[in-house]
1. Quick check on A:I113: is it away from chain B (no Cβ under 13 Å), touching a residue at least 40 places away in the same chain (Cβ under 8 Å) and surrounded by fewer than 17 Cβ atoms within 10 Å (Cβ to Cβ)?
2. Would region B:74-84 turn up any residue that is buried (at least 18 other Cβ atoms within 10 Å of the Cβ), in a loop (DSSP other than H, G, I, E, B) and within 14 Å of chain A (Cβ to nearest Cβ)?
3. Need at least 3 residues that are over 14 Å from the mean Cα position of the chain (by Cα) and closer than 30 Å to B:N49 by Cβ per element, so show me which strands (runs of 3 or more DSSP E) inside region A:81-167 make the cut, counting only ones lying wholly within it.
4. Is one or more of the residues making up region B:77-87 out of contact with any helix residue (DSSP H, G or I) (no Cβ under 8 Å at 6 or more places or on another chain), at pLDDT 90 or above and not hydrophobic (A, V, I, L, M, F, W, C)?
5. Taking the residues in region B:16-58 that are part of a strand (DSSP E or B) and touching a Gly at 6+ places or on another chain (Cβ under 9 Å) as candidates, determine which candidate is farthest from A:A159 (Cα to Cα).
6. Are there any pairs with C-beta distances below 7 angstrom linking a residue in region A:92-104 that is closer than 16 Å to A:L15 by Cα to a residue that is surrounded by 13 or more Cβ atoms within 10 Å (Cβ to Cβ) and of a type in the set (D, E, K, R), with the two at least 6 apart or on different chains, and if so which?
7. Filter region B:85-107 for residues that are buried (at least 17 other Cβ atoms within 10 Å of the Cβ), over 19 Å from B:C11 (Cβ atoms) and facing another protein chain (nearest Cβ under 9 Å); which is nearest to the chain's Cα centre (by Cα)?
8. For region B:10-67, name all the residues that are more than 13 Å from chain A (Cβ to nearest Cβ) and basic (K, R).
Amino acid sequence: MSQLDVLNLTPTHPLNPNYAFAKKRPISHLSAKANHGAPYMRDVTDILHQFVFSWNDKLAADARKLKRYYEQYRKGFFTYIDHEGGGREFVGRFSTPVEPSPLSHNHWSIQQIVFDEIPGLPMRNYPSDWAQDAIWELAVNDFGNRMVAAASGTWVLVADANAKTGFHFENAGIAITDTATYVYLGYGFQFWAPSGPAYGQAQLILDGAVIGTVDFYSAATKPSSALFTLKNVVAGQHVLSLQPLHTKNAASSGYTVLWDALWVMI
Amino acid sequence: MSSKTGPAPVCLLDVVATDGTSYHWASKELDVTPVYTGTRPAWALGLANPPANYDTHYFPWLLSASGFQQSRSMQSSQATISVQNISGNTLQRDLAGLLTARTFEGAIFAFREWNLLAQCAEFEQHGRLTVVSTSEGQCQFGANPLLNPNDYDGNPYSYSETCQWRFGSPQCGSTPGNDAAFGAPCSNTYVTCHQRNLFGGVLNTVVFPQTPSVANISANQVQYRRLV
């Protein structure tokens, strides 16, 4: 059951939908724009993916299996594998009834069936094709708006040529309750930041649970790189926080911690 | 106010909240000499790219403004100003934070329609804001004119020849200590008042041209309340 029940295990499985099917991301944000000005956008729901499938000519047995998937998982979910999309898996259910139409003897057509991904569900294999699917969530977005929040303590934007956008969000690293927070929509993430000889260590907190430590120290100043990666995160809205530990590498000359960018899997 | 040719005018809004902080919003991001300036709010300190001059920089937050009317009478109408409530960091919206931290109810504003070609205002109105509604996407302000009799408090007392203080109250001033006749309360008239320096009524100086005969004067004391 659940994520272990796979609709279409192989690329040649008879329950693979006919190509081409629609794969879209429903509007999940609010936006506002003055007559002459940059747009503002904010995610307000956590819907990530939606597919619209059709099976044009199926045997009666396959049509019955599809109908069973709809009935069985109206109150649950199963795994669909997008073989065309590199074998990436999605968990969700059919949100429209599967109603096969007869074409001829033992030939059935099932059209326009919507598969909705459901956030917050465990997966057999979490998405990990960073180069294809991940997007940048930056401390300062392209319109110059700071997106990371100083939830607690003193954090300042500092110009930094080694940061992704030319700025990083910095804290002195003394008070361990100081917190920078970013809310993102997606799965796992990579935490990117510059490193250098005067930086300290911090902990990352995802949805209230400590998930690991980031060490910003490097012997020489280095451009932003992935300092922490977490792949197995359920789809949805997540709150990621960074708190200084007031610790440092023995060779480091300071405790400063910083926020630069997230590479978020969507 | 549309123009048949040339660029559409830009709507400019200056707001000074009741704590003295000022805000400059427009339908286009630009720098113009403001009508009002005030204290720069702490929010501005966290901007990634702060403007060179906060007072002359208008952020493109103003979505719409309509309903401004001018009248020769004392008729007042409320215009509607919509400001976006989307921008901000991923944790908090800018405007929502400002509305929480500041008081925009009664904030003074100056609204202008700015002609880009002439570099001057085609229309200008000053008034006071009221927060009509706030939603996920925008905040609607009601823009009231400065002269709005509806805003005025009425006189809590009525003009009368009888005193409106309750006998023995602090306003009356009569106490057992300063009033030997405290046991016999007044009749709220001037002639029966025990503390005439605190009499809370209007003194009526009726002048009788002729001395009336005693027979013509009613023996009944009338306490009448007359609005003037």
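1. No.
2. no
3. In region A:81-167, the matching strands (runs of 3 or more DSSP E) lie at A:149-152, A:156-159.
4. yes
5. Of everything passing the filter in region B:16-58, B:V16 is farthest from A:A159 (Cα to Cα).
6. Pairs that qualify, where the first residue is closer than 16 Å to A:L15 by Cα and the partner is surrounded by 13 or more Cβ atoms within 10 Å (Cβ to Cβ) and of a type in the set (D, E, K, R), are A:G92/A:D116; A:G92/A:E117; A:R93/A:D116; A:V98/A:K67; A:P100/A:K67.
7. Residue satisfying both the conditions and the ranking: B:R93.
8. Hit for region B:10-67 is B:R40, nothing else.
The values are calculated or read from the model by the stated rules, or taken from the named source; none is laboratory data. Just so we're clear, the structure is a prediction, and the values are computed from it rather than from any experiment. Because the Cβ atoms are built from the backbone with ideal geometry, glycine has one as well, and the counts that use them run over all protein chains shown.
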